[in-house]
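Participant: This is the structure, below, for whatever I ask next.
No lab work stands behind these numbers, since they all come straight from the coordinates. As the structure is a computational prediction, the values presented were derived from the model and not from experiment. A quick note on method: Cβ atoms are made from the backbone with ideal geometry, for glycine too, and the neighbour counts reach across all protein chains shown.
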Amino acid sequence: MADLTFKNLSQSYFYKTVFQNLSFELNFSSLVMIQGANGAGKSTLLRTLSGLIPKKEGEVFFQGKAVSTSRFLQALCFLKPDRCPFYPELTLQENLHFFARLFHKKDFPLELKEMAENLKLKPFWNIPMQFLSYGTKEKIGFLYCALGAKKIKCFDEPFSGLDFESCAQINHYFQTWKKKGDLVIFSSHQPPENLAWDQILTL
């Protein structure tokens, strides 16, 4: 039995159908890629799965039992890396400590400090967020998602705008989360060549 089952999902905008009667199964400890041409509905599907927009039709089952949207969302985080929340006048360090407290953590965890170092974010530690580049803010978004420690992680175009080395690091963390038992779902128009996924959803 699959950990998560989605049955007959349908979504539409302004009377235009984006996808209809979409059914699939997902399991923890796996990396799932959503692929499709531009405008196929990759971001819409991710946002629907994440509860950011309500589904028009369909059901969600966890290990065979129907689940409510609120219960499902408690185990999930969604990230579009270039749109992560932050206070522009605060430094990177101040933002991270603020969001750590929101997740009921007394301090910024050591493993995430190591993650920041691996993503080469330490030089920006004391710089206000408003002065950081697009690519740097993208990498910071992964720290936000890791802070939440959710079992289902959804990423919308996580490799867009990142250099080769940063893509390799993100790939590393995807595999690490997978080994810890998480379900990682991401959309990508052009994924890195060395990325190994377990399942593909094609729109």
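Participant: Would you mind checking which residues have amide H under 5 Å from Gly161's amide H? H placed 1.01 Å from N; only 5 or more apart, or other chain.
Facilitator: none
Participant: Tell me, what is the Rg over Rh of the chain, with Rh the Kirkwood radius over Cα pairs? Walk me through the intermediate numbers first.
Facilitator: On the way: Rg = 17.2 Å, Rh = 17.7 Å.
Radius of gyration relative to Kirkwood radius: 0.97.
Participant: Measure nothing fancy, just the Cα-based angle from helix 92-102's long axis to the longest principal axis of the chain, in degrees from 0 to 90, nearest 10.
Facilitator: Between the helix axis and the principal axis of the chain, the angle is about 50 degrees.
Participant: Here's something else I'd like to know. Just give me a number: lysine pairs in the range 72-203, eight or more positions apart or cross-chain, with C-alpha atoms less than 17 Å apart.
Facilitator: 23
Participant: I need the semi-axes of the equivalent ellipsoid of the range 119-191: take the C-alpha gyration tensor, multiply each eigenvalue by 5, square-root it, list largest first in whole angstrom. Present the calculation step by step, with values, prior to reporting the outcome.
Facilitator: Values: eigenvalues 91, 43, 24 Å².
Taking √(5λ) for each Cα gyration eigenvalue gives 21, 15, 11 Å.
Participant: While we're on this one: Based solely on its DSSP helices, what 222 nm [θ] is calculated for the chain when runs of n ≥ 4 H residues each add -39,500 (n - 2.57) and the sum is averaged over all residues, nearest 500 deg cm²/dmol? Before the final figure, lay out each step's value.
Facilitator: Details: 6 runs with 64 residues, N = 203.
That calculation yields -9500 deg cm²/dmol at 222 nm.
Participant: So what is the relative contact order of the chain, in percent, for Cα pairs below 8 Å that sit 6 or more residues apart? Show your work: numbers first, answer last.
Facilitator: On the way: 344 pairs, mean separation 64.3, N = 203.
Relative contact order of the chain: 32 percent.
Participant: A follow-up question, please. Relative to the compact-globule scaling 2.2 N^0.38 Å, provide the ratio for the alpha-carbon radius of gyration of the range 11-67.
Facilitator: Details: Rg = 12.3 Å, N = 57, 2.2 N^0.38 = 10.2 Å.
So the range 11-67 has a normalised radius of gyration of 1.20.
Participant: Rounded to the nearest 0.05, what FRET efficiency is calculated for Phe28 and Phe103 with R0 set to 22 Å and r the Cβ-Cβ distance? Walk me through the numbers before you get to the answer.
Facilitator: Details: r = 21 Å, r/R0 = 0.94.
Efficiency computed from Cβ-Cβ geometry: 0.60.
Participant: On to the next question. Taking the Cα atoms of the range 6-118, report the difference between the largest and smallest coordinate on each principal axis, in whole Å and largest first.
Facilitator: 44, 32, 25
Participant: Follow-up question, since we're still on this one. How large is ³J(HN,Hα), in whole Hz, for each residue of the range 8-13 in order, when computed from phi with the Karplus curve 6.51 cos²θ - 1.76 cosθ + 1.60 and θ = phi - 60°, using x for Gly and Pro?
Facilitator: Rounded to whole hertz, the list is 6, 5, 9, 8, 8, 10.
Participant: Restricting to Cα pairs below 8 Å that are 6+ residues apart, what does the relative contact order work out to for the range 90-203? Please round to a whole percent. Show your work: numbers first, answer last.
Facilitator: Details: 92 pairs, mean separation 27.9, N = 114.
Relative contact order here is 24 percent.
Participant: Hey, what angle do you get for helix 134-148 against the long axis of the chain, alpha-carbon based, 0 to 90 degrees rounded to 10?
Facilitator: Tilt of helix 134-148: around 70 degrees.
Participant: Helix 164-179 sits at what angle to the longest principal axis of the chain, using alpha carbons and giving 0 to 90 degrees rounded to 10?
Facilitator: 60
Participant: For an R0 of 22 angstrom, estimate the FRET efficiency from the Cβ-Cβ distance between Glu114 and Lys151 and round to the nearest 0.05. Write down the numbers at each step before the final one.
Facilitator: Working: r = 21 Å, r/R0 = 0.96.
Once the sixth-power term is evaluated, E becomes 0.55.
Participant: Where the only charges are on Cβ atoms (+1 Lys, Arg; -1 Asp, Glu), what is the dipole of the range 80-203 about its Cα centre, to the nearest 20 debye?
Facilitator: Working: 16 positive and 15 negative charges, 101 e Å.
Roughly 480 debye, rounded to the nearest 20.
Participant: While we're here: Go ahead and run the numbers for FRET between Ser10 and Val67, Cβ-Cβ distance against an R0 of 22 Å, rounding to 0.05. Before the final figure, lay out the partial values.
Facilitator: Details: r = 18 Å, r/R0 = 0.83.
Computed FRET efficiency for Ser10 and Val67: 0.75.
Participant: So if I take the alpha carbon set of the range 153-203, get Rg, then get Rh from the Kirkwood formula, what is the Rg over Rh ratio?
Facilitator: Numbers: Rg = 10.6 Å, Rh = 11.5 Å.
In the range 153-203, Rg relative to Rh is 0.92.
Participant: Kindly work out what percent of the DSSP beta bridges joining two residues of the chain are antiparallel, to the nearest 5.
Facilitator: Numbers: 15 of 33 bridges.
Percent antiparallel among DSSP bridges in the chain is about 45.
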